Amino acid sequence: MSQGKALFFGLPFLAYSLTVWPMKELLRSTDIVLISALKAALSAEGIAVFEFDGEIASTYAGIDSFPRRLMVRAEEYDQAAEVARAVCPDHVA
């Protein structure tokens, strides 16, 4: 497993670190049920999944102009794509 880049912020005695991981988009959809099912399947496999644009999509619910994006770490993308093809073969390339 490759390591992300650690960034340090603040004064030395108040420093905290933030690890930055390269991400890849796995899926983009406005279907909340599909997003939820895929997040559950990925979590069950131990794959960290992050939902982007959920807040704006919730604000403008019912408008298909704001899809939600599921992102995974670049190093876990191939494994995540296999899981996604099993759950929703019509939505993942």
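The values are calculated or read from the model by the stated rules, or taken from the named source; none is laboratory data. No experiment lies behind these values; they were computed from the predicted model shown. No Cβ is skipped: glycine too gets one built from the backbone with ideal geometry, and neighbour counts run over all protein chains shown.
Among the residues of segment 26-48, those that are assigned to a strand (DSSP E or B) and within 15 Å of Ala86 (Cβ to Cβ) comprise Leu26, Leu27. Before we move on, is Ala74 at pLDDT 90 or above and in contact with a Lys or Arg (Cβ under 6 Å, 6 or more places away or on another chain)? When the stated conditions are applied, Ala74 passes them.
Among the residues of segment 13-24, which ones are modelled with pLDDT under 55 and outside any strand (DSSP E or B)? Of everything in segment 13-24, those that are modelled with pLDDT under 55 and outside any strand (DSSP E or B) turn out to be Phe13, Leu14, Ala15.
Let's see how each residue does on (1) modelled with pLDDT of 85 or more; (2) surrounded by fewer than 12 Cβ atoms within 10 Å (Cβ to Cβ):
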{"residue": "Leu26", "(1), (2)": "yes, no"}
{"residue": "Ser29", "(1), (2)": "yes, no"}
{"residue": "Ile35", "(1), (2)": "yes, no"}
{"residue": "Lys39", "(1), (2)": "yes, no"}
{"residue": "Ile47", "(1), (2)": "yes, no"}
{"residue": "Glu55", "(1), (2)": "no, yes"}
{"residue": "Asp64", "(1), (2)": "no, yes"}
{"residue": "Arg68", "(1), (2)": "no, no"}
